[in-house]
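Taken together, the values in this text are just the output of simple stated rules run on the coordinates, not laboratory data. No experiment lies behind these values; they were computed from the predicted model shown. Positions of Cβ are generated from backbone atoms using ideal geometry, with glycine treated the same way; all protein chains shown enter the neighbour counts.
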Amino acid sequence: MKTLKIAIQKSGRLNEKSVEILKNCGLAFENYKSSLISTVTNFPLEILFLRDDDIPEYVQDGIADLGIVGENVIVETKAEVDYLQKLGFGKCTLKIAVQATSTIQNLEELNGKAVATSYPVILEKFLTEKGIKSDIRTISGSVEIGPGLGLSDAIFDIVSTGGTLKSNGLKPFADVMQSEAVLIGNKSIADNPEVAELLQRIRSVLSAKS
Ligand code: ATP
Ligand code: ZN
């Protein structure tokens, strides 16, 4: 019997809930902060602890059979994977925001404007669908400081409470995407009986909760 591999986030917003759902499925494993791989002792499964950004491609390429990651990261990496199950945690909204003093009223006004983001693929897709051509500036973090520094006219980022926007003199302008953690699978594992068993256990954990 082949040992399956599931990739989850090593540390960050999705780590704790990912570990929790696997434990609630009755899987027994050590969760040492220092180890990158952990063997489940009562199911043919290994857990890989990775940066969330790497998870979709690892699953696409079959290095991991399964993964738990935010939908935003799947879309952003353009990975070709199966969406097996939404998991109900890690919920967030990706929004375009502008300076609180901005007079921008509608999306068309973003034509020709600079928008800073760490999610250029999602943003480009959205703007193209709306027929808008902005100057997308990809930066890896702290996009909220862009407008204040004159780096960009707007930003596109994950917003949860809006507190970070506010403290940087920004206001939400348009919702682009809702995201939550999902269980993804490699395209070739659909008929695997262990995957089916795991999926069934995850679904019963989720339905016991709701
Ligand atoms: P890593 O070190 O693994 O690359 P990271 O810093 O890129 O981690 P986190 O901030 O831990 O990522 O966020 C992981 C995911 O959690 C996001 O991609 C998103 O799907 C989800 N998420 C939920 N709420 C938020 C939030 N308020 N801010 C950022 N991400 C959120
Ligand atoms: Zn990341």
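A crude spin-label estimate for the pair residue 129 and residue 200, with each label 7 Å from Cα along the Cβ direction, gives 3.6 nm. Distance between the 7 Å Cα→Cβ label points at residue 160 and residue 207: 3.0 nm. Partner lysines whose Cα lies under 22 Å from the Cα of residue 91, excluding those fewer than 8 positions away in the same chain, are identified as 10, 17, 23, 78, 125, 166, 171, 209. Annotation: extensible slack from residue 111 through residue 61 equals 14.3 nm (criterion: 0.36 nm per residue apart, minus Cα-Cα distance).
Under the membrane-span-like helix rule (DSSP H runs whose alpha carbons stretch at least 15 Å along the helix axis, mean Kyte-Doolittle hydropathy -0.5 or higher), the chain yields 193-209.
Only beta bridges with both residues in the chain are counted; by DSSP, about 65 percent of them are antiparallel.
When a/c reaches 1.5 or more, the comparison of a/b and b/c decides; with that in mind, is segment 92-179 rounded, prolate or oblate per its Cα gyration tensor? Judged from the Cα gyration tensor, segment 92-179 comes out rounded (a/c under 1.5). Restriction of the GluC sites (Glu not before Pro) in segment 62-145 to DSSP coil positions whose beta-carbon has at most 16 other beta-carbons within 10 angstrom yields 80. Relative to the current alpha-carbon distance between residue 23 and residue 41, full extension at 0.36 nm per residue lengthens the span by 5.3 nm.
With a cap of 11 neighbouring Cβ atoms within 10 Å, and only residues DSSP puts in a loop, list the trypsin sites (Lys or Arg not before Pro) found in segment 1-63.
Of the trypsin sites (Lys or Arg not before Pro), the ones in loops of segment 1-63 whose Cβ has at most 11 other Cβ atoms within 10 Å are 2, 33.
Does the chain come out rounded, prolate or oblate, given a ≥ b ≥ c as the square roots of the eigenvalues of its C-alpha gyration tensor, rounded meaning a/c under 1.5 and, failing that, prolate meaning a/b above b/c? It is prolate, given that a/c is not under 1.5 and a/b is the larger ratio.
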